[in-house]
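Data first, discussion second: the structure below is written as structure tokens.
The values are calculated or read from the model by the stated rules, or taken from the named source; none is laboratory data. These numbers were taken from a predicted model, which means no experiment stands behind them. In this analysis, Cβ positions are derived from the backbone assuming ideal geometry, glycine residues included, and neighbour counts consider all displayed protein chains.
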Amino acid sequence: MDIIKVKAVSRTASVAGAIAGVMRDTKHAEVQAIGAGAVNQSVKALVLARNFLAQDGIDVAFVAEFVNVEIDGKVRTAIKFIVDPYEKTEEESPEEKEEEEP
């Protein structure tokens, strides 16, 4: 499984398209970012990818975790976002319940 690596200068739409494409193909994606700017771009891309996937009826959720990565012989701390499909339960959909009530 390839990790989608995001930089502070990465284009949000391009990263979102990559996330959506991987989710459609494998139903799982991992996005890695080092630094505040890269994390910011990653979060914006995740939100945009969620909108892209919603058009296909796919909802996703992500979990963030710290990971250590080695770059040029130095260990750096990165944030990795794990993206998986998500199905809401009836308890989690209050807007649908409001529509059903008379």
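Of all residues in segment 9-43, those being loosely packed, with under 14 Cβ neighbours inside 10 Å and closer than 27 Å to VAL75 by Cα number 4.
This table checks each residue for (1) among the basic types (Lys, Arg); (2) surrounded by 10 or more Cβ atoms within 10 Å (Cβ to Cβ); (3) modelled with pLDDT of 95 or more.
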| residue | (1), (2), (3) |
| --- | --- |
| ALA45 | no, yes, yes |
| GLY57 | no, no, no |
| ASN68 | no, no, yes |
| GLU87 | no, no, no |
| GLU96 | no, yes, no |
| GLU99 | no, no, no |
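Kindly provide the set of residues from segment 41-75 that are in a strand (DSSP E or B) and aliphatic (A, V, I, L, M), ordered by number.
VAL60, ALA61, VAL63, ALA64, VAL67, VAL69, ILE71, VAL75
Residue by residue, here is whether (1) part of a helix (DSSP H, G or I); (2) within 17 Å of ASN68 (Cα to Cα); (3) free of Cβ contacts under 8 Å to residues at least 12 places away in the same chain; (4) not aromatic (Phe, Trp, Tyr) holds:
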site	(1), (2), (3), (4)
LYS5	no, yes, no, yes
ALA18	yes, no, no, yes
GLU30	no, yes, no, yes
VAL39	yes, yes, no, yes
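Here SER10 meets each of (1) farther than 27 Å from THR89 by Cα; (2) in a strand (DSSP E or B) with one exception, condition (2).
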